[in-house]
1. Here are some conditions: (1) within 26 Å of residue 183 (Cα to Cα); (2) in contact with a helix residue (DSSP H, G or I) (Cβ under 9 Å, 6 or more places away or on another chain). Residue 79 meets all but one. Which one does it not meet?
2. Which one of the conditions (1) farther than 25 Å from residue 24 by Cβ; (2) surrounded by fewer than 20 Cβ atoms within 10 Å (Cβ to Cβ); (3) at pLDDT 95 or above does residue 68 fail to meet, given that it meets all the rest?
3. Which strands (runs of 3 or more DSSP E) does the stretch 9-60 wholly contain that include 2 or more residues that are touching a strand residue (DSSP E or B) at 6+ places or on another chain (Cβ under 9 Å) and either at pLDDT below 95 or under 21 Å from residue 227 (Cα atoms) (or both)?
4. Of the residues 154, 187, 177, 203, only one is over 20 Å from the mean Cα position of the chain (by Cα) and either under 26 Å from residue 6 (Cβ atoms) or touching a residue at least 24 places away in the same chain (Cβ under 8 Å) (or both); which?
5. Assigned to a loop (DSSP other than H, G, I, E, B), in contact (Cβ under 8 Å) with a residue 12 or more places away in the chain and surrounded by fewer than 23 Cβ atoms within 10 Å (Cβ to Cβ): is that true of residue 196 in this structure?
6. Just wondering, is there one or more residues in the stretch 234-247 that are farther than 24 Å from residue 141 by Cβ and without any contact (Cβ under 8 Å) to a residue 40 or more places away in the chain?
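The values are calculated or read from the model by the stated rules, or taken from the named source; none is laboratory data. Source: prediction; values computed, not measured. As a convention, Cβ positions derive from the backbone with ideal geometry for all residues, glycine included, and neighbour counts pool all protein chains shown.
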């Protein structure tokens, strides 16, 4: 219901479809893997999208605009490059390199129409969050800097050093309280360095109606319709996850900490 195991097939893989077991209504996630010289033509239906380059070299065409070629060795080596595709848009992704191309197709329900644009590595906003063994690096790809340029979609990346926690103190964003908490669904897509690594992903609610922990591996996805959702990297392995968010209200990211663990932020936050 929450964990989707990775798929290494070539072509377009609907990793988290619009109709999914967790009941997500606002977001979905596809993974595009292309061999050298191959192209994929996509068509959005009632959704906007952010195409995030994970590995390889690509060219992208959107509504008469051409972007690229863009290259990324891997998610751990350099900051992201991404292309925004407006609602109901057509796009073509071409592998312009010599190795396998991997692109995450992050989608959110949308009605507003905007212009396509590219996010280059120098546009990605980076910050170190937390301290001690819950310090992590957060990269904002399409977040505050995209306000007014997209409708609902929010996309970024988080990097956990080996053994470190993120989404910590545990937080949630499933109940809209102005100025206190946002109402947004979320999807995580993981990669590990080395690739045979893993992490531990929890999801729980205050009433314990949901209280589960999963072992997540390279290429897996995790669906977060509600609840607190802390994640930890295994010792010796760096854990990356792409995060995709959207909801019915607005794009203001306000996570609400679990009151049982809020003291961690109050005492240790830097």
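1. Result: residue 79 fails condition (1) only.
2. Tallying (1) farther than 25 Å from residue 24 by Cβ; (2) surrounded by fewer than 20 Cβ atoms within 10 Å (Cβ to Cβ); (3) at pLDDT 95 or above, residue 68 fails exactly one: (3).
3. The strands (runs of 3 or more DSSP E) meeting that bar are 27-34.
4. The unique qualifying residue is 177.
5. In short, yes.
6. Scanning the stretch 234-247 turns up no residue that is farther than 24 Å from residue 141 by Cβ and without any contact (Cβ under 8 Å) to a residue 40 or more places away in the chain.
Quick grid of which residues meet (1) within 25 Å of residue 140 (Cα to Cα); (2) over 20 Å from the mean Cα position of the chain (by Cα):
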| site | (1), (2) |
| --- | --- |
| 21 | no, no |
| 27 | yes, no |
| 32 | yes, no |
| 35 | no, yes |
| 38 | no, yes |
| 48 | yes, no |
| 56 | yes, no |
| 62 | yes, yes |
| 67 | yes, yes |
